1. Obtain the nm distance between the two label points defined at Asp560 and Trp195 by a simple spin-label model: each point lies 7 Å from its Cα along the Cα-to-C-beta direction.
2. Counting only protein chains, not ligands or nucleic acids, how are Glu342, Glu160 ordered by accessible area (probe 1.4 Å), most first?
3. Using the structure shown, select from Lys466/Lys559; Lys339/Lys389; Lys10/Lys401; Lys215/Lys265; Lys339/Lys475 the pairs with a Cα to Cα distance greater than 28 angstrom.
4. Heads up, I need the accessible area for Leu25: 1.4 angstrom probe, whole protein in place, Å², nearest 10.
5. A 23 angstrom limit on the alpha carbon distance is what I want to check against. Which of Lys569/Lys604; Lys153/Lys259; Lys126/Lys220; Lys146/Lys257 exceed it?
6. For a quick check of understanding: with a 1.4 angstrom probe and all protein chains in place, what accessible area in square angstrom does Trp189 have, to the nearest ten?
7. If I model a spin label at Val403 and Lys453 as a point 7 Å from the Cα along the Cα→Cβ vector, what separation in nanometres do I get?
8. Place a point 7 Å from Cα of Tyr7 in the direction of its Cβ. Which residues in region 169-206 have their backbone N less than 16 Å from it?
Amino acid sequence: MDNIVEYLIKSGIALSVFYLFYWLLMRKSTHFGLNRLTLATSLIASLVLPLIKIDLTPDVVAANIPVMSMDLSTVVQIVSKPEPFWGLREIVLLIYFAGLAITLFRLIYQSIYIHVISKMSRTITKGRHTIVLVEKDITPFAYFSKIFIPASKMEETSFESILAHEKSHLSQYHFIDLFLIEVVTIIQWFNPIVWLYERSLKEVHEYMADEEVLKQGVSKGNYQALLVNQALGGPVFTISHQFNQSLILKRIVMMTKMKSPQLAKIRVLLFIPLTAILLMAFSNPEHIVNPVVEKVGTLTQQITGINILPDNSTSLNISDSEKGPILIKGKVVDASTSKPIEGVSIIIQGTNTGTTTDKNGAFKIKSESSDLILMFSHIGFNTSFNEFKSDNNNAIIQMVKNVQELTEVVVSYPNENQSIKPTPYYVLDGAPSDEATVKALLPDAIESVSVLKDESATIHYGEKGKNGVVLITTKKGNATEDNSGKNKNIIIKQGVKIEISDKEGVFTVVEQLPSFPGGENERVKFLSNNLKVPSEGLKEGLEGTVYVTFVVKEDGSIKDAKILRGLGKTYDEEVLRVVNLMPAWLPGVQRGKAVAVQFNMPVKFSKDK
């Protein structure tokens, strides 16, 4: 409801500002086509500008809150009295929609009435237009492709002038402007400015039609006399053009007025900065909640029984420490591009409530706790912890991209064959792994580490174990009994993957980094076999490291390979050549959906020792 009221207020302000601009600078100009364009553009802009959002978001830094202890036995639950359904806002909106319905009914009624008159009257066709000869004594008017004229006017000498006037309305498509003003009138029926727009727009239309008739050679004196004779007419229809009496004096004055100079058209350019000022005035700074914990080092987060709700609904877990519900609505965006991030896992710290963002980055989550810390996690971004102490309907969470660091590849010379650092074969929980995954493990997550060398390694693992084997066993998580008696196992591997599961298989979420086909050893082997030392390096013995960055796309292909810090043109070009030569990787995965992830990789060129 608040959004509707805000839109109507902003739209009304825009209407008023633009009309003031027209009234002060354009109203007396004889450049009628430009005046028409100004009024029509003002109407459209007043509808659109309030919908445009400009990012003028100041950072709101949440302070770190010290840990406090509380005796829960002393907590008294306070039940707040529900607000009445019919408040002032609801009454105001009811009145608004009632007025909107009446205005809409008025438009529909007039359209039907004109249609009925058309069906009941005799018609003749002249060129592209249909002339409806009405038996009643009405004021002539044009409606879409039809011209309505009293049948008694057929025999009068003024008939052709009246017909030329109404045809000019149709040929200039004035009915489009009239329906535009009717739409705005329905939305802004309570705003007196919109009725001024309608009057001004019809004035301009009449001026344009008069100008067109006089261009056809009609005598100005005879035409003005005709206007006076038509001053007393029949019914007036708001959605049509009448050869009408309300503007007679103004129209006669405009016919005799000296034409405005061409230079006067420049004034309309002031419409552009005026629009920009309104855009800035309507920009709504959104509250951005920065992470309470910007960098998480060695942290073991134990979470029991997380339920991730795929439809952005909310699961409530009521504890004894309730103080009042908090509802958080917002959007998660990339801090560098402000683009929304889909599929972000959002977990209420210390509860079993969670949700995910939709394709627009939007989320909604509710907690019964008075203090709320949310954890936001997505592959390729730093995990973010954000604190909320009250309702927030417009939270913007900015997640910072986390560039993954790959192990160094060493290219030695002057030998023709490049060599690499011997890399052991890694086995994590009985499954093949790689050095990057192992290095990303939290120390507290490791149960044991065993190393096999030489013959014992090759006996068990064959050729793969020639450089040694590292066997790593992780902890299986803390087994705890919840109220339902189900045994839950949770493992969180910060920066590499998050697995939230239980024995019953209620839900599993996996965040997995991209990997080279065959693992880390195969990546190093591929690069080593394909990288060649430039000829100048062989001659001069140049040593150093080239730092390259690239992105593994959703389909596993490589893009955006760039040199972060180079060693020389030929070295940099060689590294980029081989990086772009790499086969498709196994893509990163966020909740079952492939995502793009950025990597940094050092390539070292050194003399063979």
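The values are calculated or read from the model by the stated rules, or taken from the named source; none is laboratory data. What you see is a predicted model, and the numbers here were worked out from it, not measured in a lab. Cβ placement follows ideal geometry from the backbone for every residue including glycine, while neighbour counts extend to all protein chains displayed. Ligands, DNA and RNA are excluded from the accessible area calculation, which covers all protein heavy atoms including side chains. Shrake-Rupley method; radii C 1.70, N 1.55, O 1.52, S 1.80 Å.
1. Taking the two extended label points, one gets 5.6 nm.
2. Descending order: Glu160, Glu342.
3. The pairs that break the limit, which is 28 Å between Cα atoms, are Lys466/Lys559; Lys10/Lys401; Lys339/Lys475.
4. Accessible surface of Leu25 is approximately 50 Å².
5. Lys153/Lys259; Lys126/Lys220; Lys146/Lys257
6. Here the residue's solvent-accessible area equals roughly 70 Å².
7. Here the modelled spin labels are 3.7 nm apart.
8. 183-190
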